[in-house]
1. Evaluate the stretch 115-122: report whether one residue or more is buried (at least 22 other Cβ atoms within 10 Å of the Cβ) and either touching a residue at least 24 places away in the same chain (Cβ under 8 Å) or of a type in the set (Gly, Ala, Ser) (or both).
2. Which residues, taken from the stretch 122-152, are in a strand (DSSP E or B) and within 13 Å of the chain's Cα centre (by Cα)?
3. From the set of residues in the stretch 333-362 that are more than 21 Å from Gly304 (Cβ to Cβ) and of a type in the set (A, V, I, L, M, F, W, C), which is least open to solvent (accessible area, probe 1.4 Å)?
4. Go through the stretch 312-327 and count every residue that is in a helix (DSSP H, G or I) and crowded, with 18+ Cβ neighbours inside 10 Å.
5. Just to be sure, is Asn330 open to solvent by less than 50 Å² (accessible area, probe 1.4 Å) and assigned by TED's automatic domain parsing to the domain that holds Phe111?
6. Restricting the search to the stretch 57-71, which residues are in contact (Cβ under 8 Å) with a residue 12 or more places away in the chain, more than 18 Å from Leu89 (Cβ to Cβ) and either open to solvent by 70 Å² or more (accessible area, probe 1.4 Å) or touching a Pro at 6+ places or on another chain (Cβ under 8 Å) (or both)?
7. Could you count how many residues in the stretch 268-301 are surrounded by fewer than 22 Cβ atoms within 10 Å (Cβ to Cβ), part of a loop (DSSP other than H, G, I, E, B), at negative phi and in contact (Cβ under 8 Å) with a residue 60 or more places away in the chain?
Amino acid sequence: MIRTTSRWRNTLSVALTGISLFSVTAASAGEISVWVWDKAFNGDTMREAGALYTADHPDVTFNVDDTASQDDIRAKLQTQLLAGSTEGLPDIVLIQDDIAQKYLQSFPGAFEPLSDYIDMSVFAQYKVAAATHDGKSYSVPFDSGVTGLFYRSDFLEQAGFTAADLENITWDRLIEIGTEVKAKTGKPLLDLDLNDTGVIRMMMQSAGEWYFNEDGSLHITDNAALKKSLETYAKLFQADLVKPVSGWAEYTGAFTSGEVAVVPVGVWITATIKANADQSGLWGVAPIPRLDMEGAVNASNQGGSSWFVLSSSDNKEETIDFLKTVWAGNVDFYQDILIKRGAVGSLLAAREGEAFKASDDFFGGAPVWQNFSTWLSQVPSVDYGTFTAEVDSAVQAQVPGIIEGGDLDAALQAIHDQAQQQMQ
């Protein structure tokens, strides 16, 4: 019997109303079915992995369904698990790392513990930790959300700075640099959307902290890294270094059109930046800044997803062997998806491949992929817990007051109180 939390149960009736919108068909014997979102990135990458496996195992085929959005996939999966029905579930589903624990803890027994079959030490450990519950790991890590500080080298040079000036710095130092850049070029340092807590979260994770204690209780009012992150975030606004934006189009438009000097974000933004071929040679990438506190490092994460196997799979043996053979063992595959799609995987051995060592003229001839893979191995592991989205919402509610100079301790208490109420 699958145990569910009250929060999942409350949404069952809503999710059931939409289930008829999707084709729910179980895979036939020898056909591995996969649910993913984003055809060009996740879908086509999984198809390529499937083709590699089928070449040596012609009796196994793949049915990759990438027609739904991430939200729709969550609703489909949630509906089936809440109903206690396994009919129509896929063999493999892609789940974002920061919500993995919600599924694992809400639906024990629904997913296969893959650490029983696959050596998890071959992957970046912060990715493994995201899907580890009660001593077992339940996912094969896919793309990393390892972060970097993308920057316009021409703007920095106009203000008298070089690439070396951005290596392994603190956020406070970046604010000092940004002040000089704006004074010399008129360009704000960066653009931020107040409805997105991504930068705050990457700051906090760089210090090895998250919103929760090991027992799942809230870690807010006494969380030094969260407090420092909110304080630093406010400093960016108070120094008048931020171009406020709203929504994805405005966010990406600000840096692709040359309105701001830097972009602290996950590696997955690379393709968006490189889409502007006329800016080749004008960009660089440095390590993400760290908080000015003990234990913080110049490495963090934003986003990323992993592959989960449903325990109800009729093709469990083939499915796990496929993940073990390709995703946990084929270094050449990771070189290929890096070149084709800019996908920085989490297999540590892939860092030694030629694609990762190659330089990139767009970024001034730097070995950007090797750099990202090095930072990947340094990202602190944190427990994303089951209620990250709820705490994010509480943080978001306090941000406007914080950047106006509001009391941080009072804001942290308000975040704690709102999150605690939403977690009931």
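1. no
2. Keep residues of the stretch 122-152 that are in a strand (DSSP E or B), which gives 123, 132-133, 136-137, 139-141, 143, 146-152.
Across the stretch 122-152, the qualifying residues are Pro141, Asp143, Val146, Thr147, Gly148.
3. Phe362
4. Initial filter on the stretch 312-327 (in a helix (DSSP H, G or I)): 316-327.
Narrowing the set further to residues that are crowded, with 18+ Cβ neighbours inside 10 Å leaves 318-320, 322-323, 326-327.
Adding up the residues that qualify gives 7.
5. yes
6. Asp59
7. 6
Conditions tested, residue by residue: (1) part of a helix (DSSP H, G or I); (2) modelled with pLDDT under 95; (3) within 30 Å of Ala419 (Cα to Cα).
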{"residue": "Trp8", "(1), (2), (3)": "yes, yes, yes"}
{"residue": "Val14", "(1), (2), (3)": "yes, yes, yes"}
{"residue": "Ala29", "(1), (2), (3)": "no, yes, no"}
{"residue": "Ile32", "(1), (2), (3)": "no, no, no"}
{"residue": "Phe41", "(1), (2), (3)": "yes, yes, no"}
{"residue": "Leu77", "(1), (2), (3)": "yes, yes, yes"}
{"residue": "Gln80", "(1), (2), (3)": "yes, yes, yes"}
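The values are calculated or read from the model by the stated rules, or taken from the named source; none is laboratory data. What you see is a predicted model; the values in this text were computed from it and never measured. In this analysis, Cβ positions are derived from the backbone assuming ideal geometry, glycine residues included, and neighbour counts consider all displayed protein chains. In case anyone asks, the SASA skips ligands and DNA or RNA and just uses the protein heavy atoms, side chains included. Shrake-Rupley method; radii C 1.70, N 1.55, O 1.52, S 1.80 Å.
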